[in-house]
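Report on the structure given below.
The values are calculated or read from the model by the stated rules, or taken from the named source; none is laboratory data. A quick note: this is a predicted structure, and the numbers were derived from the prediction, not measured. Don't worry about glycine lacking a Cβ; one is built from the backbone with ideal geometry, like all the others, and counts go over all protein chains shown. Ligands, DNA and RNA are excluded from the accessible area calculation, which covers all protein heavy atoms including side chains. Shrake-Rupley method; radii C 1.70, N 1.55, O 1.52, S 1.80 Å.
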Amino acid sequence: MKRKIIWGLVILVVVAGSAAGVAAWKRGPKPKGIQTATVERQDLQAKVSANGKVQATKKVDISATVPGQVVQLAVKEGDIVKKGQFLLQIDSVNYRASARGSQSSMEALQNELEAARANLTQAKADLTRAERNHAAGILADADLQRARTAVTSGESSILATEHRIEQARATVDGVTDTLSKTTIRSPMDGVVTAKRIEEGEVAVIGIQNQPGTILLTISDMSVVEAEMEIDETSIPSVALGQAARVHVDAYPNKTFDGVVTEVGNSPIVAAQGAANLAIKFKVKVQIKNPPEGIKPGLSVQADILTGFRSKVLTVPLQALVVRDAEERKPGDPPPATPPKEQEGVFLVEGGKAVFKPITTGLLGELSVEVTQGLSGGETLISGPFRELRSLKPGDAVREAKPDGPPPPRS
């Protein structure tokens, strides 16, 4: 009797398991838990973000054009200067002596010129007398010829002296110019933003490919810009005149208006040994309303507004799926050429995933414009990524409930 009961229970379990299996087979695979979003219209703003440094739009690096010791330094970093204001003095003793020597040489030549002119006057008078005496028959032909030669020689002497005076004057101009370069004045109104030399140090001029000593940097901080480095993938959408929003790290919680004033046409040359770095282009953004006291070298982050669409159809970026245009079946041989890719989204229709090809337009920060393929109001699958990656058309789906807050501790 007991054995019959046991066999009856076994048969009951087998029947129950078979019924459950049949029910599960009829239901099909377990639906995948997904997150959904609605295709809707909204304003779309595209932007390119980059980091950079503040610098003056107009600045001058003042270098020494004559070598020498700095004997007087009249400014310090941060000083406001005016155009023509005295900045520093390089030792001018030797240059001043050279200028005096050249001036004296020119004055001596001018005296020689006066003497040569006097000699020519005398030679012309002698020639006049010689011609009268020769006509009277009391002067030999040779003496007349000597008188004429004296006049010609005097004229040539004056001409040569005048040329030597011109040469001496050019030398005086050169040494005077060199002397003037020992006194350095500000080339413009601005602020001393860098001082790289101290009083008593020696200024060195540049030779061939070696730059000389940069003594001071004068910057006009009334007009400043942010110099940015933009990745090669983003540079095609950046253009002159585009608006920008600039954030300066030194001024938190403030946003400054900007405009793109320069877009580099050539990539930034990487340092030697850095060939594998990303290719970047230089872009300058002028800050329209810089705060008072802004300094060069401050770190900035700028959002360049590259495009705007009003009330356009959009889908979340994470909902985009790129798949082969022609779906391969298991066992199919590999294609001879790489398959064409198709961009689209998965919609939810009747509890199943349906792939819908779309054409995209403007790319925003979190969304992308849809120009073809959707009409608005559709329910699409926006996540999670692990499900989207393996999702196939026709898969059963169900909306997963978002995780709630953790239960309170007792």
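Taking the stretch 52-67 on its own, how many of its residues are touching a Pro at 6+ places or on another chain (Cβ under 9 Å) and open to solvent by 20 Å² or more (accessible area, probe 1.4 Å)?
The qualifying residues number 5.
Quick one: count up the residues across the stretch 342-374 that are over 21 Å from T306 (Cβ atoms), open to solvent by 20 Å² or more (accessible area, probe 1.4 Å) and part of a strand (DSSP E or B).
Quick first cut of the stretch 342-374, residues over 21 Å from T306 (Cβ atoms) only: 342, 344-358, 372-374.
Still in the list and also open to solvent by 20 Å² or more (accessible area, probe 1.4 Å): 342, 348-352, 354-357, 372-374.
With part of a strand (DSSP E or B) added as a condition, the list becomes 342, 348-349, 352, 354-357, 372.
Total meeting the criteria: 9.
Of all residues in the stretch 338-378, which are without any contact (Cβ under 8 Å) to a residue 24 or more places away in the chain, in contact with a Ser or Thr (Cβ under 9 Å, 6 or more places away or on another chain) and charged (D, E, K, R)?
Passing the criteria: E343, E349.
Just one of (1) closer than 19 Å to N94 by Cβ; (2) of a type in the set (S, T, N, Q); (3) modelled with pLDDT of 90 or more; (4) open to solvent by less than 40 Å² (accessible area, probe 1.4 Å) trips up T213, so point out which.
(3)
Quick test of your reading of the structure: S180 fulfils all but one of (1) over 30 Å from D220 (Cβ atoms); (2) modelled with pLDDT of 90 or more; (3) open to solvent by 40 Å² or more (accessible area, probe 1.4 Å). Name the failing condition by number.
Unmet for S180, out of (1) over 30 Å from D220 (Cβ atoms); (2) modelled with pLDDT of 90 or more; (3) open to solvent by 40 Å² or more (accessible area, probe 1.4 Å): (1).
Which fully enclosed strands (runs of 3 or more DSSP E) of the stretch 217-328 have 2 or more residues being under 13 Å from the mean Cα position of the chain (by Cα), modelled with pLDDT of 90 or more and closer than 30 Å to S390 by Cβ? Steps first, please.
Numbers: elements: 243-248, 256-267, 280-287, 299-316, 321-324.
It comes to none.
Before we move on, is Q110 out of contact with any Lys or Arg (no Cβ under 7 Å at 6 or more places or on another chain), part of a helix (DSSP H, G or I), closer than 30 Å to T178 by Cα and not charged (D, E, K, R)?
Values: out of contact with any Lys or Arg (no Cβ under 7 Å at 6 or more places or on another chain): yes; part of a helix (DSSP H, G or I): yes; closer than 30 Å to T178 by Cα: yes; not charged (D, E, K, R): yes.
Judged against the criteria, Q110 is a match.
Listed residues V70, V81, V75; which is open to solvent by less than 60 Å² (accessible area, probe 1.4 Å), farther than 23 Å from T176 by Cα, touching a Gly at 6+ places or on another chain (Cβ under 7 Å) and at pLDDT 90 or above?
V81
Does the stretch 378-385 contain any residue that is of a type in the set (S, T, Y), open to solvent by 70 Å² or more (accessible area, probe 1.4 Å) and at pLDDT 85 or above?
no
The rows are residues; the columns are (1) hydroxyl-bearing (S, T, Y); (2) at pLDDT below 90; (3) farther than 27 Å from S98 by Cα; (4) open to solvent by 50 Å² or more (accessible area, probe 1.4 Å).
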| residue | (1), (2), (3), (4) |
| --- | --- |
| N111 | no, no, no, yes |
| E114 | no, no, no, yes |
| A118 | no, no, yes, yes |
| E131 | no, yes, yes, yes |
| Q145 | no, no, yes, yes |
| I158 | no, no, no, no |
| H163 | no, no, no, yes |
| A170 | no, no, no, yes |
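Does R185 meet the test of being under 18 Å from A115 (Cβ atoms), open to solvent by 60 Å² or more (accessible area, probe 1.4 Å) and touching a residue at least 12 places away in the same chain (Cβ under 8 Å)? Explain how you work it out, then say what you get.
On the way: under 18 Å from A115 (Cβ atoms): no; open to solvent by 60 Å² or more (accessible area, probe 1.4 Å): yes; touching a residue at least 12 places away in the same chain (Cβ under 8 Å): yes.
No.
Which residues, taken from the stretch 240-260, are surrounded by fewer than 13 Cβ atoms within 10 Å (Cβ to Cβ) and in contact (Cβ under 8 Å) with a residue 40 or more places away in the chain?
D249
I'd like the residue in the stretch 188-210 that is touching a Ser or Thr at 6+ places or on another chain (Cβ under 9 Å) and small (G, A, S) and, out of all such residues, is most open to solvent (accessible area, probe 1.4 Å).
Filtering first and then ranking leaves G206.
Is it the case that some residue within the stretch 162-178 is part of a helix (DSSP H, G or I), touching a Gly at 6+ places or on another chain (Cβ under 9 Å) and more than 30 Å from P67 (Cα to Cα)?
Pass one, the stretch 162-178, residues part of a helix (DSSP H, G or I): 162-178.
Pick out the ones that are also touching a Gly at 6+ places or on another chain (Cβ under 9 Å) and you get 175.
Restricting the remaining residues to those that are more than 30 Å from P67 (Cα to Cα) gives none.
No.
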